[in-house]
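The values are calculated or read from the model by the stated rules, or taken from the named source; none is laboratory data. Model, not experiment: these values are computed from the prediction. So basically every Cβ, Gly included, is an ideal-geometry build from the backbone, and we count neighbours across all protein chains shown.
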Amino acid sequence: MESTSTERFRNRDHLAINALWVGVHFQDAALMTILVPALLLVLAPANHTNVLAALSTIAAIATALVPPLAGAFSDRSRRLGGDRRIQTAVILAVDTIALLVMAQVSTIVGLTGAVVVATVALMSGSTVYQVLLPEIVPRRFWGTAAGFRGAMTLVGTIVGLALAALLPARQALLVDAAGVALSAVTLFFVPPSPPYVEAVRSGASVRDRWDLFVTLIGRAWIVLGMTLLNTYVLFFFHDVLGIGNASFNTGLVAASAMVGAVVSSVAAGVLSDKLDRRLVVCLSGLPMTLAALGFALLPDPRVIFIFAALFGLGYGGVFSVGWALALDAVPELGDVARDLGIWGTLSNSPMVIAPALGAVIIAHGTTPSDGYRWLFATASACFLLGSLTVLAVRNANGKTA
């Protein structure tokens with residue numbers, strides 16, 4: 001693979017450095033959306049909504065505390081000659097063990113502990129590994145690299161959702177554990193970062209943190225909307241639409257949305273290296289807004305796949321290019337893992353309140369169907385706010401706009 005000093009960065013280089021995200025999101029996509037809710041239908045059949053809200057909140061709090069700490073530790077180790085690839089491998093081993101334990105638990109307490117460990121490990125590994133992109137990829141290809149990252153993320157998401165829909169929850173967890181372990185093999189194909197020198201800190205211009213703050217707020221709105229949808233969509237199929245195999249239909253609809261998102265992610269990433277990233281992110285968020293509104297107005301199984309496809313069209317661009325926009329805004333590349341960790345924690349903080357907020361919204365509907373209509377409408381508003389917020393970024397693509 002070519003180093004950061006070369007003129008070109010080939011597609012196979014982008015694939016090699018982003019292949020790990022397939023395994024990471026193989027787990028992440030279905031864990032709290034399908035697998036844990038499905039287990040709760042068995043472990044807590046009479047109170048599954050409230051138990052899921054509490055469990056999701058606990059996991060979100062644990063997740064929120066991890067990225068800055070993991071990032072700061074990784075940056076310090078990097079300055080002392082550490083290897084982020086080895087750090088990632090160790091963390092993925094812990095994650096794999098947690099998934100194996102989760103597949104065997106028979107109590108709410110045991111499930112909670114396994115979920116927290118797996119979630120913390122996955123977030124730690126993601127925080128450490130994502131920093132390899134700015135350290136290895138030339139800056140003018142960051143958008144393209146982010147697009148490939150988004151595509152690999154979505155491939156993992158599709159596979160994870162499909163398996164979660166087709167397999168019983170405990171079997172799917174065993175497959176997830178195997179997928180995470182196998183994904184660690186791709187670390188052998190990732191080159192080490194260049195030797196650390198203090199000059200690395202000058203790789204990005206030092207400016208105020210306005211842009212980083214703006215991208216954080218925009219991402220937070222999107223995360224809030226996504227968490228509202230992901231947490232309760234299986235129960236929507238089960239409680240409102242009355243579909244018997246809710247896991248299968250949740251996975252099928254979600255995977256359908258992600259198929260289109262794979263293509264849009266790469267296309268939006270490449271486009272964002274040529275155009276204003278703010279506009280690419282903003283325009284990508286509009287289909288997500290319309291899709292969530294469609295779920296609210298027409299909760300009908302006959303049209304739900306149309307809304308899913310529309311959602312996927314925007315999802316790829318929002319998350320891949322949005323991350324590249326945030327990377328542009330990091331003032332000091334010497335502390336990039338720490339800064340991205342803080343950014344990730346704060347932008348993901350709505351995950352802490354979203355489960356409880358969603359439960360309140362659903363409970364206050366005059367009927368279950370009405371409650372879910374308000375839930376989807378709220379998610380739509382979040383997507384719109386997040387899309388418009390990024391327009392306040394002052395500097396696009398690392399340059400003064």
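For Ser77, indicate whether it is of a type in the set (S, T, N, Q) and either modelled with pLDDT of 85 or more or crowded, with 23+ Cβ neighbours inside 10 Å (or both).
no
For every residue, the table says whether it meets (1) under 24 Å from Tyr232 (Cα atoms); (2) in contact with a Cys (Cβ under 7 Å, 6 or more places away or on another chain); (3) surrounded by fewer than 16 Cβ atoms within 10 Å (Cβ to Cβ); (4) among the acidic types (Asp, Glu).
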| site | (1), (2), (3), (4) |
| --- | --- |
| His48 | yes, no, no, no |
| Val51 | yes, no, no, no |
| Leu55 | yes, no, no, no |
| Ala60 | yes, no, no, no |
| Ala64 | yes, no, no, no |
| Pro67 | no, no, no, no |
| Ala72 | no, no, no, no |
| Asp83 | no, no, yes, yes |
| Leu99 | yes, no, no, no |
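If you check Val223 against the conditions, is it in contact with a helix residue (DSSP H, G or I) (Cβ under 9 Å, 6 or more places away or on another chain), in a helix (DSSP H, G or I) and either closer than 26 Å to Val263 by Cβ or modelled with pLDDT under 80 (or both)? So that I can check it myself, show each step before the final result.
On the way: in contact with a helix residue (DSSP H, G or I) (Cβ under 9 Å, 6 or more places away or on another chain): yes; in a helix (DSSP H, G or I): yes; either closer than 26 Å to Val263 by Cβ or modelled with pLDDT under 80 (or both): yes.
Answer is yes for this residue.
I'd like to check something: does the stretch 81-96 contain any residue that is without any contact (Cβ under 8 Å) to a residue 12 or more places away in the chain and in contact with a Lys or Arg (Cβ under 9 Å, 6 or more places away or on another chain)?
Checked the stretch 81-96: at least one residue is without any contact (Cβ under 8 Å) to a residue 12 or more places away in the chain and in contact with a Lys or Arg (Cβ under 9 Å, 6 or more places away or on another chain).
Those residues that are in contact (Cβ under 8 Å) with a residue 60 or more places away in the chain and either buried (at least 19 other Cβ atoms within 10 Å of the Cβ) or within 21 Å of Ala64 (Cβ to Cβ) (or both), I need them from the stretch 104-119; list them, please.
Listed by number, the residues that qualify are Leu111, Val115, Ala118, Thr119.
Residue under question is Phe237, and the condition is that it be surrounded by fewer than 19 Cβ atoms within 10 Å (Cβ to Cβ) and in a helix (DSSP H, G or I); does it hold?
Here the answer is no, as Phe237 does not meet what is asked.
Take the stretch 258-296 and flag every residue that is surrounded by 24 or more Cβ atoms within 10 Å (Cβ to Cβ) and free of Cβ contacts under 8 Å to residues at least 12 places away in the same chain.
Residues satisfying the conditions do not exist here.
Hand me the list of helices (runs of 4 or more DSSP H) wholly inside the stretch 86-184 holding 1 or more residues that are in contact with an Asp or Glu (Cβ under 8 Å, 6 or more places away or on another chain) and within 23 Å of Pro37 (Cα to Cα).
Correct list: 108-129, 142-166, 169-183.
From the set of residues in the stretch 163-178 that are in contact with a Leu (Cβ under 8 Å, 6 or more places away or on another chain) and of a type in the set (A, V, I, L, M), which is surrounded by the most Cβ atoms within 10 Å (Cβ to Cβ)?
Residue satisfying both the conditions and the ranking: Ala164.
Identify, from the list Ala53, Ala72, Ala59, the residue that is out of contact with any Gly (no Cβ under 9 Å at 6 or more places or on another chain) and at pLDDT below 85.
Exactly one residue qualifies, and that residue is Ala59.
Step by step: first the residues of the stretch 330-339, then only those that are surrounded by fewer than 24 Cβ atoms within 10 Å (Cβ to Cβ) and part of a helix (DSSP H, G or I), then the one that is modelled with the highest pLDDT. Which residue is that?
Selected residue: Arg338.
Looking at Ser272, is it modelled with pLDDT under 80 and of a type in the set (Gly, Ala, Ser)?
no
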